[in-house]
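Written below as structure tokens is the structure these notes are about.
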Amino acid sequence: MNQFAHFMTQVLVAVVQVFAVAVGGPLLLGLMRKVRSRLEGRVGAPIHQPLLDVRKLFAKQRMRPRESSWVFGAAPVVLVATVVAVAAVSPLATTHPPLGQSSDFFAVVFVLLLGSVVLALGALDTGTAFGGMGSSRSMTIGALCEPALLVAILAMAISARTSNLPALVRVGLAHPAVIASPARILALSSFLVVILAESGRLPVDNPSTHLELTMIHEAMVLEYSGADLGLIIVGESMRLVFLLGLLVNLLVPWGVAERPGVLFFCVGLFALLAKVAVAGVMIAIFEVFTAKMRLFRLPELLAGGFVLALLGAVTAVVAR
Amino acid sequence: MNDVYVVAVGLAGVMGAILGGALPVSSRVGAAVALTWVSCAAALGAAVTVLSSDHVITLSTSAILPLTGVTITLDPLGAIFVIPISIVAMASTFYWLGYAGHGLSSRSASSAMPLFVTSMLLVPFAASVATFLVLWEMMALTSLVLVLTDQSRREAARSAAQWYAVMTHAGAAAILLALVLLSAHAGGQTFSDIEAHARHLSSAVRGTVFVLALLGFGSKAGAVPLHVWLPKAHAEAPGPASALMSGAMVNLGIYGIVLVGNRLLGGGPVWWWLLVSVLGVMSALYGALYAATSSDLKRLLAYSTSDNMGLILIALGASGLFGASGHPTTAAIAMVAALLLMVNHSVFKGALFLAAGAVQVATGTRDLDRLGGLMRRMPVTGIVFLVGALSVAVLPPFNGFIGEWLLLQGLLHGLPTSNTWVVISISAAVATLALTGGLTVAAFVKATGIGFLGRPRSDEATAAHEVAITMRVGAGALAALCLVLGLVPMLVLPAIERAAASARQVNASSVTSGWVSLHLLGLRGVLAPSLLAAGLASAALVVIVIRRIAHRRRNAWPAVNPVEPWGSGRKLQTARMQYTATSFGEPLLRVFDDVIRPSRDLDVSHLVESRYYIERIAYRTSNDDVIERHFYRPFIAGVRWWGQRARSLQNGSVRRYLAYGFVALVIVLVAVT
């Protein structure tokens, strides 16, 4: 019986975490747009506007290009499924998530990569120039992001002696000095660069443009409509919230539930949402003052991220 | 009793070769395939026996090879190499049943194929220098015959075979030199003699032997810069042969390095393993870069083989480095990772090459820029390729991910405990690993997306049909194995650990445990591949249900409606407007411009009447192998120049030749005295 109760608690934790990320994602988009509008002197749409958009999209008809195959329809589903799967087992609101023992940072990153790859395949399946353009550009950026990301994880994992995500968060809670160590700071700054690039934010990609020559992510999803487009918006925003959630929990872990208990978990959840909201507002403010970079200047930015991560790894080894 | 296995492997192979050469065209492929299967099954039986018990199969006879005799021993290390070879061989030969009608049913091919498989299977059995070299040479020659299959129709196949013949024999010469040197100093040509004496040799001899072996075996594994033959030969070989070469033969290059470096010489100083790591880093980066920018389907796969062999070499090098600096746990993890990467690579690269062969059969081309839309026309082949591509891109839940994860864990836990040199090289290895990972993903999104998705870019691709059922089953079996090994890596891990222990000459110690979640023993690292996959699948199911409910509740239109894609207001959209493989890889080509240095050529011809109107634009770009262009071509040109000079020595005059003989004799006499 006790085991059953434990199991049900774990399921509940997973469901709540996924739900928080799924609703928080569109809300974060709305919040960031609101901040941006206000700073630009506009009133802007209400914060829950993306949620309304998604609801509207789910009521619309799905269409697919004539020559596309099943991959086109599968891509949005896989995209959302990857984020749901990792959000359920990651230390977002609590340091003891379900299956926390096997929630490995590398595994999480590669599962998320699966989502991006399938989306890029779906874009190529449209058989249009835009799909290919977006797919090619996002894969180029992804290929250059991956070194920075993996080495950043390695830098954090070396000092914690494990790449287990909950353990990485717990190390920060138990020894705050670890967070202030150069290794983790360098690694997290590199991680931030990767988050901005992977989720198509400025200065890598402008999420509010539909200009053919510059768009990356929007070009990929141009052919999607109805529920598929809704899923993509939800999936992408969930991914942003999830990655920011990991970032803030690795940077300022305080508030996250360390012990079992409903109260601790609720505090952890609110702390997470508050921290992610602050991070989102900061990114939005940053975006107002930033212009999009040229595509072929991006390797410099991402190489910078990679060098930061490598420095982090080297200092982590030296510090031991 | 177990000797029966060995005899069966050899006998079935030889019988297959004879029948394949002798029978009429209607039955020769069937007979050859049946006997190859017998050979594979026997080898598999031997390998499983060795791996499941501590029994070692040995056999020695002087009846076959004169002077030296044949010595056969199968230990766990050899057995772990036999298993993927026999699995890939079974799948590829079954596939061959359907492929044979497309130009692979000649006497020479039907006779070479069983011999090729058998010699590959027997190389890990060899336990003396002579046996090893004979089998190695047989493997090289039979595969050369297979590469030459299409030579009457394609000039490229002939040139590829030339490159292959020269490189493989240069490699064989290096191996011969290494092994002969070793046996001369060790005073015996069986591997057990060498093993017993190798530790007492001088470090100069050991170092020379290792470097020579690394060069020879590295060229077989396609390690950069000895890889130039690989993208040519693997691309030109017909479907099943290319799967065998890329999925099975390259492994034996890795086997040779482990055999000489770890078993015969019993490990070595740090600089050996640094050399291996550097070779691995170069191969991985170079292979991934060329795979990402190549637009020939099979050439892309071949470069990716170089890339994967590079990863295996990195893991081997890391294992040696950790071992040399006294960290047996991480050394064991890295060795297990190397062998797991090898097994996984065989499975997914076999599937990919078989699928590429099916595409070539169905469309007559390998040029990605002329393909497209095949997922609808060849659904099974398309799915096989997609699964293989996701595996090679190390994405869960497929098998490539497990090996990569294990390697990352080995590097992560080994890094903090090592000396400066090791730290520098391992950091470089991790950076390489990460960059090649990203490039590989781009390469395989391109191969799958351009080749199989979207609209067909040529009439041939439009008219493509799914291939014969045997071809689909052969390729599909390997793709299914990709998923199975990705979900339950414990199916092979215990065997691999036993082999790794035998290679490192330590008592079998377990590195990993757990069927559902994979635990690294003694370290904090856990991965639950099957739970991860179950989570993904159930999440996808929930999403699909939500999408359907939302739709059903809201309207009565058809769920999915095929329409013309949006063309910026244009009504007409042609397949030529799509991105091609060349355009897909262009951003990466531009980023790595300094490394690849592609040649670009733009011709604009104007109308005679007015220079403001353009008549034609011709744009040519080629990114042929930069190492071939800058090292091999000048070298070949130099050799040719000396050859031309040497011709003047020969003018047909017998008196002059006699004078040469006399002068040479005098020189020899002077030198001897």
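The residues on offer are B:415, B:411, B:407, B:395, and the sole one that is facing chain A (nearest Cβ under 7 Å) and part of a helix (DSSP H, G or I) is B:415. Is it the case, given these coordinates, that residue A:200 is more than 12 Å from chain B (Cβ to nearest Cβ) and touching a Pro at 6+ places or on another chain (Cβ under 9 Å)? Yes. The residues of region B:85-97 that are buried (at least 24 other Cβ atoms within 10 Å of the Cβ) and in contact (Cβ under 8 Å) with a residue 60 or more places away in the chain, listed by number, are B:85, B:88, B:89, B:91, B:92, B:93, B:95, B:96. Report whether or not residue B:372 is within 24 Å of residue A:124 (Cα to Cα), of a type in the set (Gly, Ala, Ser) and in contact (Cβ under 8 Å) with a residue 40 or more places away in the chain. Against the criterion (within 24 Å of residue A:124 (Cα to Cα), of a type in the set (Gly, Ala, Ser) and in contact (Cβ under 8 Å) with a residue 40 or more places away in the chain), residue B:372 qualifies. The selection criterion, being within 9 Å of another protein chain (Cβ to nearest Cβ), in contact with a Gly (Cβ under 8 Å, 6 or more places away or on another chain), without any contact (Cβ under 8 Å) to a residue 24 or more places away in the chain and not aliphatic (A, V, I, L, M), holds for residue A:136. The residue that is nearest to the other protein chains (Cβ to nearest Cβ), among those in region B:563-581 that are in a helix (DSSP H, G or I) and touching a helix residue (DSSP H, G or I) at 6+ places or on another chain (Cβ under 7 Å), is B:577. The condition of being of a type in the set (D, E, K, R) and over 18 Å from residue B:430 (Cβ atoms) does not hold for residue B:307. Screening the candidates A:112, A:124, A:119 for the property of being surrounded by 24 or more Cβ atoms within 10 Å (Cβ to Cβ), more than 8 Å from chain B (Cβ to nearest Cβ) and modelled with pLDDT of 90 or more yields one hit, A:119. Scanning region B:475-494 for residues that are under 18 Å from residue B:85 (Cα atoms) and either within 20 Å of the chain's Cα centre (by Cα) or at pLDDT 90 or above (or both) yields B:475, B:476, B:477, B:478, B:479, B:480, B:481, B:482, B:484, B:485, B:492. Do we find that residue B:363 is of a type in the set (S, T, N, Q), buried (at least 24 other Cβ atoms within 10 Å of the Cβ) and over 26 Å from residue B:399 (Cα atoms) in this structure? Criteria met by residue B:363. Of all residues in region A:17-46, those satisfying the criterion of being touching a residue at least 12 places away in the same chain (Cβ under 8 Å) and under 15 Å from residue A:86 (Cβ atoms) are A:17, A:18, A:20, A:21, A:22, A:24, A:25. Tally the residues that are crowded, with 16+ Cβ neighbours inside 10 Å and not in a helix (DSSP H, G or I), restricting the search to region B:189-230. Number satisfying all stated conditions: 10. For region B:420-432, filtering for residues that are more than 7 Å from chain A (Cβ to nearest Cβ) and either within 17 Å of residue B:322 (Cβ to Cβ) or buried (at least 24 other Cβ atoms within 10 Å of the Cβ) (or both) leaves 8. Determine whether region A:246-257 contains at least one residue that is within 14 Å of another protein chain (Cβ to nearest Cβ) and at pLDDT 90 or above. The answer is no; no qualifying residue exists.
Of everything in region B:448-474, what is within 22 Å of the chain's Cα centre (by Cα), within 18 Å of residue A:71 (Cα to Cα) and not small (Gly, Ala, Ser)? Give them in sequence order.
Across region B:448-474, the qualifying residue is only B:448.
Does region A:54-62 contain at least one residue that is in contact with a strand residue (DSSP E or B) (Cβ under 8 Å, 6 or more places away or on another chain), at the interface with chain B (Cβ under 7 Å from one of its Cβ atoms), within 23 Å of residue A:233 (Cβ to Cβ) and outside any helix (DSSP H, G or I)? Within region A:54-62 (the criterion being in contact with a strand residue (DSSP E or B) (Cβ under 8 Å, 6 or more places away or on another chain), at the interface with chain B (Cβ under 7 Å from one of its Cβ atoms), within 23 Å of residue A:233 (Cβ to Cβ) and outside any helix (DSSP H, G or I)), the answer is yes, since at least one residue qualifies.
Against the conditions (1) within 19 Å of residue A:246 (Cβ to Cβ); (2) in contact with a Lys or Arg (Cβ under 9 Å, 6 or more places away or on another chain), residue A:287 satisfies every one except (1). Would you check which residues across region B:582-597 are within 8 Å of another protein chain (Cβ to nearest Cβ) and either touching a residue at least 24 places away in the same chain (Cβ under 8 Å) or touching an Asp or Glu at 6+ places or on another chain (Cβ under 8 Å) (or both) and list them? Within region B:582-597, B:584, B:585, B:588 qualify. When you scan region A:167-175, do you find a residue that is within 11 Å of another protein chain (Cβ to nearest Cβ) and either crowded, with 24+ Cβ neighbours inside 10 Å or at pLDDT below 85 (or both), even just one? Looking through region A:167-175, at least one residue is within 11 Å of another protein chain (Cβ to nearest Cβ) and either crowded, with 24+ Cβ neighbours inside 10 Å or at pLDDT below 85 (or both).
Taken over region A:207-248, the criterion of being part of a loop (DSSP other than H, G, I, E, B), surrounded by 24 or more Cβ atoms within 10 Å (Cβ to Cβ) and hydroxyl-bearing (Ser, Thr, Tyr) is satisfied by A:224 alone. Residues that are out of contact with any Gly (no Cβ under 8 Å at 6 or more places or on another chain), assigned to a helix (DSSP H, G or I) and away from chain A (no Cβ under 14 Å) within region B:435-471 comprise just one, B:459. Looking at this structure, is residue B:592 surrounded by 10 or more Cβ atoms within 10 Å (Cβ to Cβ) and at pLDDT 90 or above? Answer is no for this residue. When restricted to residues that are small (Gly, Ala, Ser), modelled with pLDDT of 90 or more and under 20 Å from residue B:213 (Cβ atoms), region B:262-284 contains 3. Filtering region A:214-231 to residues that are within 13 Å of chain B (Cβ to nearest Cβ), more than 21 Å from residue B:454 (Cα to Cα) and out of contact with any Leu (no Cβ under 6 Å at 6 or more places or on another chain) leaves A:227, A:231. Yes or no: region B:55-75 includes at least one residue that is among the small types (Gly, Ala, Ser) and buried (at least 17 other Cβ atoms within 10 Å of the Cβ). Within region B:55-75, none of the residues are among the small types (Gly, Ala, Ser) and buried (at least 17 other Cβ atoms within 10 Å of the Cβ).
For residue B:474, the requirement of being under 28 Å from residue B:51 (Cα atoms) and in contact with a helix residue (DSSP H, G or I) (Cβ under 7 Å, 6 or more places away or on another chain) is met. Could you tell me whether region A:270-277 includes any residue that is more than 14 Å from chain B (Cβ to nearest Cβ), crowded, with 22+ Cβ neighbours inside 10 Å and assigned to a helix (DSSP H, G or I)? The answer is yes; a qualifying residue exists. Considering region B:501-551, the residues that are under 17 Å from residue B:408 (Cβ atoms) and in a helix (DSSP H, G or I) include one that is nearest to the chain's Cα centre (by Cα), namely B:529.
Of all residues in region A:83-106, exactly one satisfies the criterion of being buried (at least 24 other Cβ atoms within 10 Å of the Cβ), at the interface with chain B (Cβ under 7 Å from one of its Cβ atoms) and either in contact with a strand residue (DSSP E or B) (Cβ under 8 Å, 6 or more places away or on another chain) or part of a loop (DSSP other than H, G, I, E, B) (or both), namely A:104.
The values are calculated or read from the model by the stated rules, or taken from the named source; none is laboratory data. All values derive from a computational prediction rather than experimental measurement. Cβ sites come from the backbone with ideal geometry, for glycine too, and all protein chains shown count toward neighbours.
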